[in-house]
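Nothing in this text is a laboratory measurement; each read-out follows from the coordinates by a stated rule. Not measured: the values here are computed from a predicted model. Cβ atoms come from the backbone with ideal geometry, glycine included; neighbour counts cover every protein chain shown.
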Amino acid sequence: MSDSDETDVLRELASLPTIASPRVSPDGETVALYYDVTGRNELHLCDPSDGSLEQLSDGDVPRSVRAGFKWDPSGERLYYHRDEAGDEQHDIWAMSLDGDSEPVVEMD
């Protein structure tokens, strides 16, 4: 393999979307995860039976997946960090599975 071929392979690998922080719902039917297919981490739901993905967030989550998220015990919502002002002061929001969000804890 030539240096050019190796470089092409490395570029292709580096451009692949990343999946991070998968969390299984309390009922075991759905997996929530970060996926950066748009170039930015977004919350997605995955149906493990067929691998389909549904994007929930749209620019709402911090750039770092270390901020994390957690399922509500009922499995009806996800709690996640949100950086609306761009100041890295992450408020905590709850997002329903249809994508509607509301603040739970806001940083002043």
At what distance in angstrom do the alpha carbon centres of the stretch 89-108 and the stretch 22-75 lie from each other? 15 Å
Convex hull of the stretch 17-105 built on C-alpha atoms - directionally averaged projected area, nm²: 5.5 nm²
Computed label-point distance, nm, for sites residue 49 and residue 11 using a 7 Å Cα→Cβ extension: 4.2 nm
